[in-house]
Amino acid sequence: MPEPEATDLDERVSNITAIEGREQEPETGGGDVAAADDDIEAVEGYEQPQAAAPELGFAPESAGTQAPPDQLLQIQFPDIGAASFGGFAPETVHGVDDRRQINATDTYPWRVHASLLITAADGSNWIGTGWFVNRRVLVTAGHCVFIKNSAVPGRDGWVQRMRVIPGRNGTTKPFGESVATEFHSVRGWTEHGDDEYDYGAIVLPQPVDAGIGWLGFGRYPDDNLKQVVGNISGYPGDKPPGTQWYAARRVDSVTPRKVRYDIDTAGGQSGAAVYRIKNNGRFAVAIHAYGGATVNSGTRINGPVFDNILHWRDTNPNP
């Protein structure tokens with residue numbers, strides 16, 4: 001049988017058989033497709049100065065709220081990447097650890113990054129990171145939503161559910177949390193386990209607080225990306241549970257489907273945005289997923305990846 005075409009590998013797949021009643025016009029406002037220079041396609045990010053009242057169905061919790069202690073938030077579960085293929089090349093710290101802890105996780109842009117507590121098909125628990133592209137949709141690594149080749153009976157396939165906690169800071173949930181059960185990826189990952197197609201999306205049952213905001217994303221030419229400083233913030237497994245850590249460094253190299261960079265990360269940050277800052281806007285250029293001896297890497301937002309993220313966003317629009 002011939003190898004599948006690359007376009008086939010970017011074909012969207014989901015853990016649901018149909019999505020009813022969601023075909024609407026694309027959202028307007030801060031998330032519209034923006035005219036961009038140098039033939040670059042980009043979707044703008046969004047920041048709401050004042051947080052609106054939380055939506056029904058999304059459990060709010062302020063920093064001052066007294067709630068029964070959540071024992072699961074005090075446990076550091078293993079990196080979801082270790083569930084596939086018996087363990088990925090770990091996301092790594094190269095030399096001196098450049099990461100710094102983010103304490104003001106309830107402010108933009110840190111609140112658009114979410115801690116993921118993932119329950120696999122066999123009931124095992126894992127951690128990952130995701131980032132909002134609108135109030136209902138997060139982008140993440142494919143291996144955060146679909147486990148491949150674990151060699152553990154009953155573990156492979158779509159995860160059961162995940163707790164999505166935006167702007168988490170240890171046991172504090174500034175915007176509460178939501179439990180997601182709807183997940184999306186592409187055939188290149190779910191059928192072939194190809195690391196160049198390791199990306200996916202999470203759809204929440206209800207939108208998050210309007211004040212959280214989201215990141216933009218864009219596809220950029222090679223020469224442009226090679227000049228970019230990449231930024232990564234997420235929830236690593238080598239730090240205290242649920243704490244957010246950030247680092248930045250210039251992009252090292254690019255290929256048609258990968259962006260490589262010497263930005264310090266650790267397991268648990270799989271799914272984090274690799275984003276650039278341009279004209280005070282923040283635009284993801286890749287989805288962080290893998291480590292290496294000298295550089296880490298993410299799935300590049302090229303044309304098909306850009307189109308799929310746009311599709312997942314626009315078929316689940318902001319209300």
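The values are calculated or read from the model by the stated rules, or taken from the named source; none is laboratory data. Just so it is clear, the model here is predicted, and its values are computed rather than measured. Every residue, glycine among them, receives a Cβ derived from its backbone with ideal geometry; neighbour counts consider all protein chains shown. These accessible areas exclude ligands, DNA and RNA; they are computed on the full protein's heavy atoms, side chains included. Shrake-Rupley method; radii C 1.70, N 1.55, O 1.52, S 1.80 Å.
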Test: Trp126 is more than 25 Å from Asn231 (Cα to Cα), in contact (Cβ under 8 Å) with a residue 40 or more places away in the chain and among the aromatic types (Phe, Trp, Tyr): no
Out of (1) part of a helix (DSSP H, G or I); (2) within 29 Å of Glu11 (Cβ to Cβ), the odd one out for Asp223 is which? (2)
Exactly one condition in (1) in contact with a Pro (Cβ under 8 Å, 6 or more places away or on another chain); (2) of a type outside the set (S, T, N, Q); (3) under 20 Å from Arg12 (Cα atoms); (4) open to solvent by less than 20 Å² (accessible area, probe 1.4 Å) is false for His192; which is it? (4)
Within the range 284-317, the residues that are in contact with a Phe, Trp or Tyr (Cβ under 9 Å, 6 or more places away or on another chain), assigned to a loop (DSSP other than H, G, I, E, B) and at pLDDT below 95 are Gly291, Val295
Note: among Leu310, Leu215, just one is under 26 Å from Thr181 (Cβ atoms), open to solvent by 20 Å² or more (accessible area, probe 1.4 Å) and of a type in the set (A, V, I, L, M), namely Leu310
Could you say which residue among Gln76, Gln71 is more than 29 Å from Pro221 (Cα to Cα), more than 22 Å from the chain's Cα centre (by Cα) and at pLDDT 85 or above? Gln71
Could you grab me the full set of residues in the range 83-122 that are buried (at least 21 other Cβ atoms within 10 Å of the Cβ), hydrophobic (A, V, I, L, M, F, W, C), modelled with pLDDT of 95 or more and not in a strand (DSSP E or B)? Val112, Ala120
